Structure formats: structure tokens, C-alpha cells
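Everything below concerns the one structure shown next.
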Amino acid sequence: SVSDPLPARTRGRFDSVSLFCLLRCLPGSFPTEASHVLAPGGVVCGATILGRAAPHNWFGRALVEVYSRRGVFGNASDTKDDLERALRAAFAEVTVEPVGVVVLFSARKPGPARP
């Protein structure tokens, strides 16, 4: 369909998807498309840098601001809680572990594919 950017051949095909240092580059809310391409026992895992609310040092705060203004980063408002909420909406098992201004995450058991 027009609203579904994923080809049917990719649905349920992959055992794992890794998203390390990628989500911070995507604008908008946390995407959950990985749930559509994972096999039933699949896992998505990764790490992302949090936005302004995280305890960045002065250099980190400056980078978030400059890169956000230039469109390099889309993570200015990203929080651990928002990431966890997005993952829980698409997966049955979710782990979210903050480490400084970075969040490590994994999610298993994707829910049914949505149109």
C-alpha cells in the first residue's frame, strides 16, 4: 500500500536488526518499523544518544544544539521514557538501559504487523 514503505518480501524475514547510533539521526518520534521486518523470535537492539533532557556536559549540549539546528541530529527532544514507550508499543519484551547520555536497548517478540 502507499502508506506502507516496506516491501512485502521484507516482512518477518530477519532474525535481528541493529540500530546503533542511528535513531539520533532520524527526525520525529522513535520509529518502530523494525518490528515489521523481524521474524517472530527476532530481536532489535541498539544504542542512541539522548537529547536536551539528558545530563550532557557542556560540549555534548553544544553538539546537540548545533547538530539539531543543522539537521544532522533529530534527537533534541529524545528521552529514555519516549524510547521505552515506543518499543513497548511494538514489542512484548523490552529492555532499556541508560548509560550516561546514551541508552542501550533491545526488544523481542514483535506484535502483529500493522497496516
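Would you pull out the residues with amide H under 5 Å of L19's amide H, same chain only if 5 or more places away, H placed 1.01 Å from N?
Result for L19 returns C45, G46, A47.
What percent antiparallel are the DSSP beta bridges of the stretch 13-110, to the nearest 5?
Expressed as a percentage, antiparallel bridges in the stretch 13-110 total about 70.
First check a/c for the stretch 13-110, with a ≥ b ≥ c the square roots of the eigenvalues of its C-alpha gyration tensor; if it is under 1.5, answer rounded, and if not, answer prolate when a/b is larger than b/c or oblate otherwise.
prolate
For the pair D82/F14, report the inter-label distance in nm, with labels modelled 7 Å from Cα in the Cβ direction.
Taking the simple label geometry, D82 and F14 are separated by 2.3 nm.
Give the calculated FRET efficiency between V96 and L63 to the nearest 0.05, with a Förster radius of 25 Å applied to their Cβ-Cβ distance.
On the way: r = 23 Å, r/R0 = 0.90.
Computed FRET efficiency for V96 and L63 comes out at 0.65.
Collect residues whose amide H, placed 1.01 Å from N in the peptide plane, falls under 5 Å from the amide H of F73; neighbours closer than 5 in sequence don't count.
Amide H neighbours of F73: S68.
Hey, what did the stretch 13-110 get for relative contact order, percent, Cα under 8 Å, at least 6 apart?
34 percent
Using unit Cβ charges (K, R positive; D, E negative) and no other charged atoms, how large, in debye to the nearest 20, is the dipole of the stretch 13-110 about its Cα centre? Working shown, then result.
On the way: 11 positive and 9 negative charges, 39 e Å.
Computed about the Cα centre, the dipole is about 180 debye.
Throughout, read-outs are computed from the coordinates displayed, never taken from laboratory work. Nothing here was measured: the structure is a model prediction, and the numbers come from that model. With ideal geometry, Cβ positions are generated from the backbone for all residues, glycine too; neighbour counts draw on all protein chains shown.
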